[in-house]
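Remarks on the structure that follows.
The values are calculated or read from the model by the stated rules, or taken from the named source; none is laboratory data. Quantities reported herein were computed from a predicted structural model and do not represent experimental measurements. Cβ placement follows ideal geometry from the backbone for every residue including glycine, while neighbour counts extend to all protein chains displayed.
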Amino acid sequence: MVAMKIRDMKDNKSPGVDGIPPKLLLEIVEQISIPLATVFNLSLEEE
């Protein structure tokens, strides 16, 4: 699901507050989607 959301991003948009341009995320989507999903899931499990 994370990879799908990243692929839906438009690569010509400005970077967000993190300073990471969407074009870079689209280039590394395969490498970051599983670690990002893990972080998101762990943050939802924490109380």
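Return yes when Met4 is loosely packed, with under 10 Cβ neighbours inside 10 Å and either of a type outside the set (Lys, Arg) or modelled with pLDDT under 95 (or both) and no when it is not.
Working: loosely packed, with under 10 Cβ neighbours inside 10 Å: yes; either of a type outside the set (Lys, Arg) or modelled with pLDDT under 95 (or both): yes.
Judged against the criteria, Met4 is a match.
Being loosely packed, with under 10 Cβ neighbours inside 10 Å and either assigned to a loop (DSSP other than H, G, I, E, B) or at positive phi (or both) is the filter here, so list the residues in region 7-47 that pass it.
Within region 7-47, Asp8, Lys10, Asn12, Ser14, Val17, Asp18, Gly19, Glu46, Glu47 meet the criteria.
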